[in-house]
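The values are calculated or read from the model by the stated rules, or taken from the named source; none is laboratory data. All values reported here derive from a predicted model rather than from experimental measurement. Here the Cβ is made from the backbone with ideal geometry for all residues, glycine too, and neighbour counts use every protein chain on show.
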Amino acid sequence: MPFRSEPVTVNVGPQHPSTHGVLRLRITFDGEVILDMEPVFGYLHRGSEKLAEERTYTQIITLTDRMDYVASMTNNQAYVIAAEKLAGVRPPERAMYLRVIAAELQRIASHLVAIGFLLNDLGAFATPLMYCFREREKILDLFEMLCGARITLSYMRVGGVFQDAPEDFWPALRGFLHEMPHYLDEYEQFLSENEILVTRTKGVSILTVDHALNASVTGPVLRASGLPWDLRKVDPYEVYDRVQFDVPVGKVGDNYDRFKIRLDEMRQCLRIVEQCVDQIEPGPVRAAAPNLIRPPVGDAYGRIEGPKGELGFYLVSDGSIAPYRFKARSPSLINLTVLRDILIGWKLADMIVTLGSIDINMGEVDR
Amino acid sequence: MAFLEGNALFRNLYCLLAGNPGNAASCSGRDGLLPFDWEWLAFAIVAGLIALALINLFLLFAMFYTYMERRLLGRFQGRIGPNRTGPVGLLQPVADAIKLLTKESIIPNGVDKLLYNVPPVIMIAVVFLTLAVLPFGRNTFIANVNVGVLYIIAITSVNVLAVFMAGMASGNRYATISAIRGVAQLISYEVPMVLSIVGVLILVGSLSLVDIVEGQRIPFILLQPLGFFIFVVGASAEMNRPPFDQLEAESEIVSGYHTEYGGMKFAFFYLAEYSAVLTTSGVIATLFLGGWKGPLEPWIPSHLWFLVKVFALAFVFIWVRATLPRVRIDQTMAFAWKFLLPLSLINIFVTAAEVLLLGQATEGQGLVVSTGGLWLMVAINIVVAFGGVLAFSRMVSLRTTALPVRAGVPQASPQVSEVAS
Amino acid sequence: MNGMGIINGLIVTMKNFFRKPFTVSYPEQRLAQHPRFRGQEFTWYEERCTACASCAKFCPLGIIRIVTHPSEKTPTEGDSYAIDAFDIDIGRCMYCGLCVEACPYDALFMGSGFEEAKYRRGDLVIDVDRLRRAEKRPSTWYRPQLEAQRYDPRKGEPMTWKGAGREAVAFHPIQRPAREDAQAKPEAKP
């Protein structure tokens, strides 16, 4: 008797306990095997790029905070670097060191969120998530000391940072640097050799280097595929050429590599912060640039290595106090485009894990 | 009156109601309250009372277990569990019950009414029926069925039907996926589970649970470590406990087969799941940990030892839930068939060989192994257990590759991802 | 793959079982805020404010509404406008602090609390009377003179308008070319 089956299309809808934010996926299944997948996003679109055309350069900093709401400092940093290129302002040394310290702490926080939610989707019933968030609380407390808020920070300004770190920041930071490696070791012990995790993620959803380069994938996803491309080494900005750190590289580009590389990157971030704390000198923290800057007519593209990939801002100025065009190159959106190709042939359970391992943030995808 | 033997509470109440010259031997000649022909009424009343008391007590323990699970999970995760309702949060299950009772029962349009309403009842009935043969303490059981183990296995198999009916009748794609996974997983894990008990049966020679407890001179966890491991893993999968909870994997299929149930029906599923953990712990304690046996008998009653063992096992289940991620459905199937099944067969073979070689034939009991022989068996079995697990874990690979999409099935793009592993 | 990974995981979880929980039970205990915390209710010193409306111009959301008319104060007395309305809508505010950054006279400060929830949306608009009556516990955000005095808004006394200005301590956060009025007269701390 001929056996007839037909593929079924399921809507993993915008509201779902696991998709990281409001992302809609239309997946066509044959049994449990994924045949085709179409992401539909735009549910969190807030019109940041248009709003930015009506705000001054300092006010846009508050707008960039909210794009990738998990990694606010790096958004600020990328934008401020672009605006400084446009306006020709050089921040003082101490400001650059503070920016790098803040950005690396933010990278640790973002990777903790990524790892925590990846493991939550895998089914470890919120336990690694709670541990990761416990560490993230300590980082957020450090940020509260620096700039008064925990998530939407607005710490940086065109020309530096807005205020120096308070006195009790440095002992707290040293305490954090002292105890964080032990927690990272605990995560490694807990997770890296766990058979169930390894079986679920090794060899699954492999992204080859050629495919990644063709799709403009950057960030930990590209490094997990085997290419050691890190903007902090390739095109150093701020003080990254004065600190020593390694760039962890994966071998195969499967889910396990993408997860492991984030754990290794957190250790490197701690290394960078330690060196910055040793190298920082007292001094001014903000260049003598006014609050309302009027950059000359022109354009500039400023980019950084964000926790999710290359985050870049393209600003076009027409001589007024607000930019003529503000474009954000968001890494999550571009990384999301490879999701379909690496998922075909795998199963429904892998879809969630792969989505988590690519680590997208809908605030950034939809801006 | 065979059912009057061995159950002191039942006997006393029954004789209170229906003692008469006909059963003077069992009731020591006292006269009961009911006239001669109404023994069946005495039976019904006493049985009903005892069953009522037992089920209520059991449900109370199940409610306490839900609270215990939430608090322990919280402590494992570095937070406090529920602590607001009642002192230390002890009234949390009561709050849950009130919430579930007062919820509106929304029945979706496309469901099959009978198939939709029956599964919660089946699941909770299965759990209660298992209680009937468990010995809770010395001479405390409802029925000493001489095929107790077979009865338990048969009853727990009905779970499969309930899960399947619930999933298919819901009319929800996610529930259907979950039902399909459920049938596959639940049926597969019964095989190693049953086979792992065979080792115990070889050592005891009887299927009755009371005899199994009586026959444990050394607790069977030492004598049958492999059997214990396989049974615990199999039981986890049967109860849909993590790491085998693909059926209700929250992040993927949003509650699985009980997505469409609300209110009291969901309360039945919820309660059935947690009660199943307690009854399964009870079965494991009876089969492998020595049931109600424990030192210091007159001062610490046997019922207390039984409870201690049950809750220790329940703690282990919670601990495993807090730690391990979920196993994918095809990997659970591979695990059952490629890893657990051969190990359980090895266990049967090794146990049978040992009993044959070390046992001395005794009157009326078949081959009995002496205590010294038993300790020798403990040593051999532990070595075999660890060796078997290590050997099989190296031989069996649970990883899969991407399946090439079938020809003829419509797909959007012609490319198939190459997997280089 | 021989089970050690799972055993390691179980050991880690058991280790965490015996650690003290990380939770802070909210109404009974509160997390200690840093003095620099950008809180919800604003602190406004009428004595320092000239109603220049720089804060309103700087707000990215435009939620500060200031209506003034010229007052009779002469420039030698300290020129300022008279305020008819000064509304801050904290229901839409994002507490970015750009208004505080903009104020040239150190009249507006961020608050220090976070428990300003109300039952009606209309109650979330802070008007000028509420700003006048509120207890002055300014956050030290963007006000290094308060940090130099080691002021803690939660634990210390309410801050007076004399102690809150940048002339209270000779300290400038931004490196500007020196001007005559930048020579601060160190006033006695209140």
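Any idea how many residues of segment A:195-210 are part of a loop (DSSP other than H, G, I, E, B), of a type in the set (Val, Ile, Thr) and touching a Lys or Arg at 6+ places or on another chain (Cβ under 7 Å)? Total meeting the criteria: 0. Among the residues of segment A:235-251, some residue qualifies, meaning at least one is under 27 Å from A:Gln163 (Cα atoms), crowded, with 18+ Cβ neighbours inside 10 Å and hydrophobic (A, V, I, L, M, F, W, C). Among the residues of segment B:181-192 satisfying the criterion of being touching a residue at least 60 places away in the same chain (Cβ under 8 Å) and under 16 Å from the mean Cα position of the chain (by Cα), which is nearest to A:Ala349 (Cα to Cα)? Out of the qualifying residues, it is B:Gln185. Of the residues making up segment C:97-105, one or more are under 13 Å from the mean Cα position of the chain (by Cα), within 13 Å of chain A (Cβ to nearest Cβ) and assigned to a loop (DSSP other than H, G, I, E, B). Residue check: is A:Leu153 facing another protein chain (nearest Cβ under 10 Å), assigned to a loop (DSSP other than H, G, I, E, B) and either closer than 27 Å to C:Ala148 by Cβ or not hydrophobic (A, V, I, L, M, F, W, C) (or both)? Here the answer is yes, as A:Leu153 does meet what is asked.
Looking only at segment A:201-229, residues that are crowded, with 24+ Cβ neighbours inside 10 Å and more than 20 Å from the chain's Cα centre (by Cα) come to 3 in all.
Restricting attention to segment C:68-78, does a residue exist that is within 14 Å of another protein chain (Cβ to nearest Cβ), out of contact with any Leu (no Cβ under 7 Å at 6 or more places or on another chain) and at pLDDT 85 or above? Within segment C:68-78, not a single residue is within 14 Å of another protein chain (Cβ to nearest Cβ), out of contact with any Leu (no Cβ under 7 Å at 6 or more places or on another chain) and at pLDDT 85 or above.
Every listed requirement among (1) surrounded by fewer than 20 Cβ atoms within 10 Å (Cβ to Cβ); (2) within 28 Å of A:Ile196 (Cα to Cα) is met by A:Ile321 save one, (2).
In this structure, does A:Ala322 turn out to be modelled with pLDDT under 90, touching a helix residue (DSSP H, G or I) at 6+ places or on another chain (Cβ under 9 Å), assigned to a loop (DSSP other than H, G, I, E, B) and of a type outside the set (Asp, Glu)?
For A:Ala322, the condition - modelled with pLDDT under 90, touching a helix residue (DSSP H, G or I) at 6+ places or on another chain (Cβ under 9 Å), assigned to a loop (DSSP other than H, G, I, E, B) and of a type outside the set (Asp, Glu) - is met.
Within segment C:86-103, residues that are within 16 Å of A:Arg150 (Cα to Cα) have Cβ atoms under 8 Å from residues that are buried (at least 21 other Cβ atoms within 10 Å of the Cβ) and among the polar types (S, T, N, Q) in these pairs: C:Met94/A:Thr62; C:Cys96/A:Thr62; C:Cys96/A:Ser154; C:Gly97/A:Ser154, counting only partners at least 6 apart in sequence or on another chain. Restricted to helices (runs of 4 or more DSSP H) entirely inside segment A:1-109, no element has at least 3 residues that are among the acidic types (Asp, Glu) and modelled with pLDDT of 90 or more.
Residue count for segment A:324-340 satisfying the condition of being crowded, with 17+ Cβ neighbours inside 10 Å and within 14 Å of chain B (Cβ to nearest Cβ): 3. Of all residues in segment A:69-109, those satisfying the criterion of being buried (at least 24 other Cβ atoms within 10 Å of the Cβ), out of contact with any strand residue (DSSP E or B) (no Cβ under 8 Å at 6 or more places or on another chain) and among the small types (Gly, Ala, Ser) are A:Ser72, A:Ala109. Taken over segment B:129-164, the criterion of being surrounded by fewer than 21 Cβ atoms within 10 Å (Cβ to Cβ), closer than 14 Å to B:Leu186 by Cα and among the aliphatic types (A, V, I, L, M) is satisfied by B:Ile153, B:Ala154, B:Ile155, B:Val158, B:Val160, B:Leu161.
Being within 26 Å of C:Gly163 (Cα to Cα), assigned to a loop (DSSP other than H, G, I, E, B) and not aromatic (Phe, Trp, Tyr) holds for only one residue in C:Ala82, C:Ala56, C:Ala117, C:Ala51, and it is C:Ala51. Restricting segment B:301-346 to residues that are within 10 Å of chain A (Cβ to nearest Cβ) and small (Gly, Ala, Ser), the residue that is nearest to B:Phe231 (Cα to Cα) is B:Ala334. When B:Ile221 is tested against the conditions (1) within 14 Å of chain A (Cβ to nearest Cβ); (2) touching a Leu at 6+ places or on another chain (Cβ under 7 Å); (3) of a type in the set (A, V, I, L, M), the lone failure is (1).
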